[in-house]
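Below: one structure, written as structure tokens.
The values are calculated or read from the model by the stated rules, or taken from the named source; none is laboratory data. Since we're looking at a predicted model, the values are computed, not measured. Counting neighbours? That spans all protein chains shown, and the Cβs are built from the backbone with ideal geometry, glycine included.
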Amino acid sequence: MCCLVVLGAFIPRVVLFFIWILTDWVGQAINGWIWALLGLIFLPFTTLAYVLCYHYGRGVHGFEWFIVGLCFVLDLASLFGGSREARTKYAS
């Protein structure tokens, strides 16, 4: 089970890295490489969703913002959900 969690954490980073290296989609969607790098490190699902929605939708409009928002919630859950679980597990 731990392997799946670790794999799920790295897949969007790897995919976004290869999209960034092999295409110009990240450069079109995000102004400045520093924002793309911060997104790659801290919010990989959100950044990947934004880049894909921007490329395939020719911008992020309407329902695409909903998709980006869901990925943001997924990023927050992956960042803060584990610490709460660890506190409850090791508290007793």
Write out, first by first residue and then by second, each pair whose Cβ atoms fall under 7 Å of each other, whose residues are 6+ apart or on separate chains, and whose first residue, in region 17-42, is over 17 Å from residue 60 (Cβ atoms) while the second is surrounded by 14 or more Cβ atoms within 10 Å (Cβ to Cβ) and of a type in the set (Gly, Ala, Ser). 20/36
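This table checks each residue for (1) among the hydrophobic types (A, V, I, L, M, F, W, C); (2) modelled with pLDDT of 95 or more; (3) out of contact with any Phe, Trp or Tyr (no Cβ under 7 Å at 6 or more places or on another chain).
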{"residue": "3", "(1), (2), (3)": "yes, no, yes"}
{"residue": "6", "(1), (2), (3)": "yes, no, yes"}
{"residue": "16", "(1), (2), (3)": "yes, no, yes"}
{"residue": "22", "(1), (2), (3)": "yes, yes, yes"}
{"residue": "30", "(1), (2), (3)": "yes, no, yes"}
{"residue": "33", "(1), (2), (3)": "yes, no, yes"}
{"residue": "36", "(1), (2), (3)": "yes, no, no"}
{"residue": "42", "(1), (2), (3)": "yes, no, yes"}
Evaluate the following for residue 55: is it part of a loop (DSSP other than H, G, I, E, B) and at pLDDT 90 or above? no
